[in-house]
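Below is one structure; the comments refer to it alone.
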Amino acid sequence: MHIAEGFLPPAHAVGWTIAAAPFVVHGARAVVKEVRENPESTLLLGAAGAFTFVLSAIKLPSVTGSSSHPTGTGLGAVLFRPPVMALLGTVVLLFQALLLAHGGLTTLGANAFSMAVVGPWAGYGAYSLTRRLGGGLLGGVFAGMAVADLATYATTALQLAWAHPDAESGFLGAAVKFLGVFAVTQVPLAIGEGLLGVLLFRVLTVNARPELERLGVLTPSPDDDAPAVSRDKAPEGDR
Amino acid sequence: MSGLAIDDAAWASAWRPRSPGDKVLISLGLVLSALLLPVWPGSVLVGLAAVGLAVGPARVPARTFGRAVRAPLAFIAIGALTTVVEVGGNGVGWAPDAAARAGSLVGHALAGSAAVLLLATTTPLSDLLPALQRLRVPAAVIEVASVTYRMLFVLLTSLRTIREAQTARMGYTSVRGSYRSSGALAAAVLTRSWDRARRLQDGLAGRGLETGLRVLPETLPASRRFEAASVLGLATLAAVSLVVA
């Protein structure tokens, strides 16, 4: 759910751009530092951006009959950490605006704030908390992806409510309206995206354990979170 | 055919050899006019100008442009409708100036979207990204974004091929199966993206990659006439809108 071009009044468009800017600049600094230390990470980060973009082409069947696409912000936060996601998410939003006509240029700041800043941080917080409380990798991934999705949607609804308050009941009334209208698609989507994350990580822990270890998602010692630890010991010659 | 209609249109557009700066000038000018000028007649004029320039001199297929404008339509309609429904002490009803408010929101949003599309359907992202350097975006960030642009089509093709194979094997016949297939699909595309990045890296390292991915940028010279016409057109549009409104 991206705010379309022209949907926010000028003051809000400028305000959200200023609000998102420090996070995006911080992410850009992290990327510049990373690339200076390991020049090969340019390609890995580019691949991560491309994957985040392509993820929106996966359609999840939704309870409401329609199908929605995952936002991928939670997944990106778990795999690549929120600061990097602030930059990659903004790049992906720019690409979505210019290649798919989703979102816009003056609303890029507002969309970046909800989807590249609030979503990843909330999702990463839920993921870390769940893992620390003993929820395991898959529990953490489910919580991270579902919470990132919900936080993104709630932020967007509040941004819209602030920009277009209800004529009678003001901001609060408008917040209830926007949260309610978009809940129909977004709440099932958040649960669906959490499930997708679990299924995805079940495959990754078997097929891509070295990559997950390199990203720090899994510790190098055998992890009993993984559903298929025994299979995991199979030789990984082809990777 | 790259698989994204807007990108295909951008490469085929008659404005493709124009300088990206020139196209940014006219498109961003129209985007800002759509945002700042009163909806009548400002947004209407911006919409007409954007569509006219795209399907006229830039020769973007009208079908592609029309289909792309429809993309944000669901959001615009639901958003505008939600805005003008009033929630108060006596239940739910229409806001007093519902039609005017909804019309203004839809007008600004549609005109703005058309103006963004004018840029999107005439300028490939690979032309636009190097131009970001002038806005002092770090070179490393532009490189990451350029790799993203070049890799996303490969991944999109992978995604479609895998999904086709899964569909042929009844992978999407039930909700449960759809989720399992989607999870496997995402995992396959993600591991492929890593694999591809690693192989590209190996290839580049073998060719002596030390600092950035340097490529020779195509020089697309700016046109003074085009710039003057853009500024004049935008000024006329703004003056007419402010006088009529």
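The values are calculated or read from the model by the stated rules, or taken from the named source; none is laboratory data. Just so we're clear, the structure is a prediction, and the values are computed from it rather than from any experiment. Here the Cβ positions follow ideal geometry from the backbone for every residue, glycine too, while neighbour counts run over all protein chains shown.
Worth a mention:
- The one condition in (1) basic (Lys, Arg); (2) farther than 26 Å from A:LEU8 by Cα; (3) facing another protein chain (nearest Cβ under 10 Å) that B:ARG101 fails to fulfil: (2)
- Residue in segment A:25-42 that is under 18 Å from the mean Cα position of the chain (by Cα), surrounded by 16 or more Cβ atoms within 10 Å (Cβ to Cβ) and hydroxyl-bearing (Ser, Thr, Tyr) present: no
- Filtered residues of segment A:121-138 (kept if under 15 Å from A:LEU79 (Cα atoms) and over 10 Å from the mean Cα position of the chain (by Cα)): A:GLY125, A:ALA126, A:TYR127, A:SER128, A:ARG131, A:LEU137, A:LEU138
- Residue within segment B:166-178 that is surrounded by fewer than 21 Cβ atoms within 10 Å (Cβ to Cβ) and within 26 Å of the chain's Cα centre (by Cα) present: no
- Check on B:VAL87, under 15 Å from A:PRO165 (Cβ atoms) and over 22 Å from the mean Cα position of the chain (by Cα): yes
- Candidates A:PHE171, A:PHE182 - the one that is among the aromatic types (Phe, Trp, Tyr), farther than 30 Å from B:ARG198 by Cα and crowded, with 19+ Cβ neighbours inside 10 Å: A:PHE182
- Scanning segment B:188-230 for residues that are among the hydroxyl-bearing types (Ser, Thr, Tyr) and part of a helix (DSSP H, G or I), we see that the one that is modelled with the highest pLDDT is B:SER230.
- Checking each residue in segment A:200-210 for being assigned to a helix (DSSP H, G or I) and either surrounded by fewer than 22 Cβ atoms within 10 Å (Cβ to Cβ) or among the small types (Gly, Ala, Ser) (or both) picks out A:ARG202, A:VAL203, A:VAL206, A:ASN207, A:ARG209, A:PRO210.
- Pairing each residue of segment A:172-201 that is more than 9 Å from chain B (Cβ to nearest Cβ) and in contact (Cβ under 8 Å) with a residue 24 or more places away in the chain with any residue that is of a type in the set (Ser, Thr, Tyr) and assigned to a helix (DSSP H, G or I), provided the two are 6+ apart or on different chains, yields C-beta distances under 7 Å for A:GLN186/A:TYR153.
- Test result for B:LEU32, within 14 Å of chain A (Cβ to nearest Cβ), free of Cβ contacts under 8 Å to residues at least 40 places away in the same chain and either under 26 Å from A:ALA11 (Cβ atoms) or not hydroxyl-bearing (Ser, Thr, Tyr) (or both): yes
- Any hit, segment A:148-157, residues being assigned to a helix (DSSP H, G or I), within 16 Å of the chain's Cα centre (by Cα), within 11 Å of chain B (Cβ to nearest Cβ) and among the hydroxyl-bearing types (Ser, Thr, Tyr): yes
- Residue within segment A:165-178 that is small (Gly, Ala, Ser) and under 20 Å from A:VAL78 (Cα atoms) present: no
- Among residues of segment B:137-148, those that are touching a residue at least 12 places away in the same chain (Cβ under 8 Å) and more than 7 Å from chain A (Cβ to nearest Cβ), counted: 3
- Boolean, B:ALA120 is under 17 Å from A:ALA4 (Cβ atoms), more than 9 Å from chain A (Cβ to nearest Cβ), within 16 Å of the chain's Cα centre (by Cα) and among the aliphatic types (A, V, I, L, M): no
- Count of residues meeting criterion [among the acidic types (Asp, Glu) and more than 9 Å from every other protein chain (Cβ to nearest Cβ)] in segment A:1-47: 1
- Count - residues of segment B:20-67 that are among the charged types (D, E, K, R), in a helix (DSSP H, G or I) and closer than 29 Å to B:ARG134 by Cβ: 2
- Residue check, A:GLY74 assigned to a loop (DSSP other than H, G, I, E, B), more than 18 Å from A:PHE182 (Cα to Cα) and away from chain B (no Cβ under 11 Å): no
- B:ARG134 being modelled with pLDDT under 95, more than 10 Å from every other protein chain (Cβ to nearest Cβ) and part of a helix (DSSP H, G or I): yes
- Residue within segment B:204-220 that is in contact with a helix residue (DSSP H, G or I) (Cβ under 7 Å, 6 or more places away or on another chain) and farther than 17 Å from B:VAL144 by Cα present: yes
- Neighbours by Cβ (under 6 Å, 6+ apart or cross-chain): first from segment B:187-208, touching a residue at least 40 places away in the same chain (Cβ under 8 Å); second of a type outside the set (A, V, I, L, M) and crowded, with 17+ Cβ neighbours inside 10 Å: B:SER193/A:PHE51
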